[in-house]
Amino acid sequence: MTQLPSRARAIVIGGGITGTSVAYHLAQAGWRDTVLLEKADLTSGSTCHAAGLVTQFNPSPTMMRFRRYSIELYRKLGIFETVGSLRFASSREQLMEQQRGASRARAIGLDVEVVSAEQAVDLMPAISTDSLFGAVWVPGDGAIDPHTATFALARAARELGVKVLTGTRVTGIELSSAGAVQAVRTETGRIEAEVVVIACGIWAPQVAAMAGAFVVSTPVDHQHAALQAVGGAELPHDMPCFRDPDNLIYG
């Protein structure tokens, strides 16, 4: 087991995709004296349940820029699989909204195309044109394995000097008389720190409460369907990612 340091400039609590990404980017920004604490193993929380879709299209240009950067990073780490994505319009209203969104996407340089229902079927033969009014096609989108991505970010963070400590449960956060964070307590010791980042997913409110803070975090149920392949009708491995906002389904 790696020895617990007595002090760090920053402590990141949580070993999922968010925590490892924060630790990596802190180190990239020069904060190499950073420690990541995870109570169990990396990806043992909600990260391992993620679908792994990485798509850029979004109503917000700012979010599209963030997502484009994510793909660039995952490509750099060698963990991104480009298969493209289709965002279906199952209503005329959704198609109009997607046409407006595509215009915003092109304005920031995103390679995006609004396609007809027939063109969407050509790109993804597993679907039909029934109740399909069109789609947005983004050829540069794709998917990652959340487990692989998290470990790749953790490895990259370690290479920059970050200490990644698993099996280290946080038990408390100490504050100064002025209310500033000054240390994090764990089951195996105490670490002084200037900054603490809480990246604990659904456990964030519990950890934030240790510092007297309130974090809005509401768990949301998702229904997952895992289907066995039907002989002679297997879906191709390079099938595009898809999302249908009207029918609340993605894959």
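Here are the numbers for the structure shown:
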read-out: Column: log10 I(q)/I(0), Debye, Cα scatterers of the chain, q = 0.08 Å⁻¹; value: -0.40
read-out: Residues with amide H under 5 Å from that of Q182, placed H, sequence gap 5 or more; value: E174, L175, S176
read-out: The chain, helix-only ellipticity at 222 nm - DSSP H runs n ≥ 4, -39,500 (n - 2.57), divided by all residues, nearest 500; value: -9000 deg cm²/dmol
read-out: Cα pair distances in segment 165-251, grouped into 5 Å bins until the bin that holds the longest one, percent each; value: 3, 10, 15, 15, 10, 8, 7, 8, 10, 8, 4, 2, 1, 0
read-out: Residue-span extension gain [M63 to E234] - 0.36 nm each, minus C-alpha spacing; value: 58.2 nm
read-out: Percent RCO, i.e. relative contact order, over segment 1-70, from Cα pairs under 8 Å lying at least 6 residues apart; value: 28
read-out: Debye intensity ratio in log₁₀ form over the Cα atoms of segment 1-56, taken at each q of 0.18, 0.19, 0.20, 0.30 Å⁻¹; value: -0.68, -0.73, -0.79, -1.19
read-out: Distant alpha-carbon pairs in segment 69-210 (separation over 21 angstrom), percent; value: 64
read-out: Calculated FRET efficiency for the pair Q99/S131, C-beta based, R₀ 22 Å, to 0.05; value: 0.75
read-out: Cβ-based net charge around G161, under 13 Å, with every Lys or Arg adding one and every Asp or Glu removing one; value: +3
read-out: Ascending count of other beta-carbon atoms within 10 Å, so fewest first, for R87, R100; value: R100, R87
read-out: Radius 14 Å from Cβ of M239, net charge of other residues (Lys, Arg +1; Asp, Glu -1); value: -4
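Read-outs throughout are calculated quantities, based only on the coordinates presented, and are distinct from any laboratory measurement. Being a predicted model, the structure only gives us computed values, none of them experimental. All Cβ positions, even for glycine, are placed from backbone atoms using ideal geometry, and neighbour counts span all protein chains on display.
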